[in-house]
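The values are calculated or read from the model by the stated rules, or taken from the named source; none is laboratory data. Predicted model, so just to flag it, every value in this text is computed and none were measured. Backbone-built Cβ (ideal geometry, glycine too); neighbour counts: all protein chains shown. Remember, those area values only see protein heavy atoms, side chains included, never the ligands or the DNA or RNA. Shrake-Rupley method; radii C 1.70, N 1.55, O 1.52, S 1.80 Å.
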Amino acid sequence: MINKQKSAQHIKLPDNRTLMAFFCTIVVLLCAFAPSAILCEENNNDTLTVGVPIDRCPVFYLDESTNEVAGIGVDLMKEAAKEAGYSVTFKIIEEATLKEALDNKEYDLIMPFGSAISSAEGKESIVSENLIQTPFTLVTKNNVELPPLNNLRVGMLKSLAGAAESVTQLFPGIEITMYDTMSDSVKALRSDKVDALLHNSYVWSYVLQKPSYSDLKVQPSSMFSMDFRAGTLDSEKGRAIIERLNGGIEKIPDTKRQAIVLDYTTRKLYKYDLSDYLYQYGVAIVLGTLLLISIVTAVLLRLRNIKMEQEEKIRLLIDHDSLTGTYNYHGFKKRVEELLRNNPDVPYLLSYNNIKDFKYINDNMGRSAGDELLKYWVNTSVNSMSDEEAMGRIDSDRFVVLRRYDKQEQISKDDVDVLEPVRNYFINKGKGNRIQICTGIYVLTPRDYRQIDVDRMLDGARVAEEKVRLNRKEGYEFYNPEQWRKGKRDAEIISHLTTAIETGEIQVWYQPQVNIRKNEIIGAEALCRWNHSKLGWLQPSEFIPVLEETDAIYQLDQYVWETVCSDLKRWNEEGHNWTVSVNLSRRDIKDDRNIPGHFFDLINKYNINSNQLRIEITESAYVENPELLISTTSKLRKYGFQVEMDDFGSGYSSLHMLKEVPVDRIKLDLHFLSGGGDPERSRIIVSHMIQMMKSLDMNMIVEGVENKSQAEFLKTKGCEEMQGFYFYKPMSVEEFEKIGDKIKSVPVKKRTRKKQ
Ligand code: C2E
Ligand code: MG
Ligand code: MG
């Protein structure tokens, strides 16, 4: 397409009108007779649109830095156009072939042509003079001998259809195969589908810079040369352009043409793509990648290991006992469930083992010695166990073991192999006593494998252990369902205590104490009675030991003491200064509880006299913790309370204690002495005890007097104070008040003591 643009012309108008008319005439004539000359003048500023391909660097390519078409062909055309007075713009050919491009009217010229060819629509074309002679060279694989030219199989690009036509004319024997892309043609060459590839030398100078084509070789001499021309359809306009362009082409000096070619063929125009880098640095890249993969893999593995180690640590913390390393409750439970699931045919037993008085081992031998003992136990046990068995520490000194129970002898064997060394642990170290171990054993039933409930089994073993412990002996005991029922009943007792106190289910009854010689009631013992809403009437002998086990006894005792003080206050107000004995459980006495202070507060609160309260402490408490008991007793007495040693003669009394413990009255339990054995021997013991108390100048009361002969006997031996069914049974407060006229009051003392 030719763009006609009128140039601005500045013409000076002459003064003379005639002269002006003359010039006008000349101009008209010139226009009439030399139109082409005027056209030339105008076309000096015309622009040619030249369609070119960009797939044959360095002849035609797209310069990425400027985004413009560049190359040898571009520069030659620019040079020719300039010489011909054209300015030129280049447009990338969109058509598949130059033949098709010829028919596109958007282009004034198409490049490059070797010679004129007909367009895709069959129209004739014309071409310009040759811009440059382009040598066409064959490229083969390295070290390959070319067959004679006439038998040659040559690969060419489809975009070189024109050149291919020329080759066919020049070398009729050559077989040409056309390929879409350079890489397709190279593949064909490498797989021997063709003997050589043909393209112009300039393009080869670019293409063979690709590293992976280093196995290709340019043949030393060019096969033929092709002209490099611009073309257009054969039309009037086309001929005019070609004619004018030819003028420009002629003016291009050869040195200029060579300089252009040299410029492009020596430039490093080829740009590496990924495949080139892979080809050139393939080994390094592969090694580097492998190294990177191994580093990443190593890091990931390490991270995974760290995570697994952490998980293992957490699992160990969750499932294991930090001191001994054996399972804790949680871990043991899980392991037992697993073992029972996996071994439904293995007979098992579950034992619950408890070191008796472990607290005192810790206190006397030191905590670390206690820890060592626990570790020793675990080590000794674990050494005797198989993988199908498990051990756990579920509390400070409580160990549970799941053991195969093929035969009864297993228990005796464990006793000898495991428990006996543990019992003798301190003896063997030459520093301490034999340890007592209480064990409860639950033998698994078929149901336990069907419905695995480890807690239930543990409860069974625990109940059996409790039986051993409460019976004050060591050794082992098998669980039986009665024990299980007892355990449940105990739980109901403990859990219901608070409500029972609040709702009045628990009452304080009084059992009068008499002076047989004076025939008067000298006081009473407060004994609690519990009408349990669910279990009915409960005896203290049942619920007191249960409450003592869990420390709940203190709650009950505080309630009883408070009730007694409140009753005493009421009686005081009615003018009766009676005396009442209250029971203090050995479990009530603890280092951090100021029991004497508590009683002192109570008598102040209810405005009663300290000599109205006798405090009974059972004899066994003195054996368990003499120091604390002695200090508590001394303090109570300092406040003015009378302290009694309850249940004296129940089996644990020591004569030595009588000397050490400061009590006001000894309460001898006749029941213990008359319960069994030779009655005559009991009488002798009792009479000597009474004699001894008198010699020691200690007061004494005998409880459990059930009949006249006992009462008479005691009286003849000089014991005057008694308590028992023979005189009165424990009675409700109302009944007690009914016999009030027989009850002796104590003198009211002035209270001056301060709380300590
Ligand atoms: P204990 O302190 O030795 O109380 C005397 C027990 O002997 C009472 O039993 C009483 O009913 C019973 N008894 C009295 N005379 C006779 C008799 O002639 N023959 C027989 N066989 N028994 C007689 P109880 O009330 O069943 O209490 C039993 C134990 O429970 C008490 O023994 C005491 O240790 C404890 N206990 C009772 N109430 C309380 C309380 O409120 N707190 C505490 N810590 N312990 C209490
Ligand atoms: Mg008592
Ligand atoms: Mg008693």
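Just to be sure, is Lys356 under 36 Å from the mean Cα position of the chain (by Cα), of a type outside the set (Asp, Glu) and surrounded by 13 or more Cβ atoms within 10 Å (Cβ to Cβ)? No, not satisfied. Among the conditions (1) touching a Cys at 6+ places or on another chain (Cβ under 9 Å); (2) at pLDDT below 90; (3) not charged (D, E, K, R), the only one that Asn364 does not satisfy is (1). Within region 490-508, the set of residues being surrounded by fewer than 19 Cβ atoms within 10 Å (Cβ to Cβ) and under 28 Å from Lys744 (Cβ atoms) comprises just one member, Gln507. Considering only residues in region 387-409 that are touching a residue at least 12 places away in the same chain (Cβ under 8 Å) and either on the phi > 0 side of the Ramachandran plot or over 32 Å from the mean Cα position of the chain (by Cα) (or both), the one that is most open to solvent (accessible area, probe 1.4 Å) turns out to be Asp406.
For Tyr449, indicate whether it is part of a helix (DSSP H, G or I) and out of contact with any Phe, Trp or Tyr (no Cβ under 8 Å at 6 or more places or on another chain). For Tyr449, the condition - part of a helix (DSSP H, G or I) and out of contact with any Phe, Trp or Tyr (no Cβ under 8 Å at 6 or more places or on another chain) - is met. Just one of the numbered conditions (1) at pLDDT 95 or above; (2) within 16 Å of ligand 1 (Cβ to nearest atom); (3) acidic (Asp, Glu) is not true of Asp601: (2). Please go through region 706-732 and give me each residue that is under 16 Å from Tyr510 (Cα atoms) and either near ligand 1 (Cβ under 9 Å from one of its atoms) or among the basic types (Lys, Arg) (or both), ordered by number. Within region 706-732, Gln723, Gly724, Phe725, Tyr726, Phe727, Tyr728, Lys729, Pro730 meet the criteria.
Which of the residues spanning region 200-240 are small (Gly, Ala, Ser) and either open to solvent by 50 Å² or more (accessible area, probe 1.4 Å) or outside the structural domain of Leu170 (by TED's automatic domain parsing) (or both)? Selection gives Ser214, Ser221, Ser222, Ser225, Ala240.
Of all residues in region 198-211, which are under 12 Å from Tyr270 (Cβ atoms) and out of contact with any His (no Cβ under 9 Å at 6 or more places or on another chain)? Selection gives Val203, Trp204, Ser205, Tyr206, Leu208, Gln209, Lys210, Pro211.
Scanning region 375-386 for residues that are farther than 24 Å from Asp459 by Cβ and in contact (Cβ under 8 Å) with a residue 24 or more places away in the chain yields Lys375, Tyr376, Thr380, Val382, Ser384. All of (1) under 49 Å from the mean Cα position of the chain (by Cα); (2) under 24 Å from Val463 (Cα atoms); (3) open to solvent by less than 60 Å² (accessible area, probe 1.4 Å) hold for Arg587 with one exception: (3).
Only a single item in (1) in contact with a Ser or Thr (Cβ under 7 Å, 6 or more places away or on another chain); (2) open to solvent by 50 Å² or more (accessible area, probe 1.4 Å); (3) in the same structural domain as Lys210 (by TED's automatic domain parsing) is not met by Ile249, and it is number (2). Checked against (1) within 8 Å of ligand 1 (Cβ to nearest atom); (2) crowded, with 22+ Cβ neighbours inside 10 Å, Arg529 passes all but condition (2).
One residue stands out among those in region 321-338 that are free of Cβ contacts under 8 Å to residues at least 24 places away in the same chain and open to solvent by 80 Å² or more (accessible area, probe 1.4 Å): the one that is nearest to Leu349 (Cα to Cα), which is Lys334.
Could you tell me whether region 490-501 includes any residue that is part of a helix (DSSP H, G or I) and under 27 Å from Arg341 (Cβ atoms)? Looking through region 490-501, none of the residues is part of a helix (DSSP H, G or I) and under 27 Å from Arg341 (Cβ atoms). In region 690-716, the residues that are acidic (Asp, Glu) form Cβ pairs under 7 Å with partners that are within 16 Å of ligand 2 (Cβ to nearest atom) and open to solvent by 60 Å² or more (accessible area, probe 1.4 Å), at six or more places apart or across chains, as follows: Glu706/Phe725. Within the option set Glu250, Glu309, being of a type in the set (Asp, Glu) and farther than 20 Å from Val127 by Cα holds for one residue only, Glu309.
Here is the figure for region 74-132: residues that are of a type in the set (Asp, Glu), surrounded by fewer than 20 Cβ atoms within 10 Å (Cβ to Cβ) and touching a Ser or Thr at 6+ places or on another chain (Cβ under 7 Å) total 3. Only one entry in Leu602, Leu628 is in the same structural domain as Gln507 (by TED's automatic domain parsing), crowded, with 18+ Cβ neighbours inside 10 Å and in a helix (DSSP H, G or I), namely Leu602.
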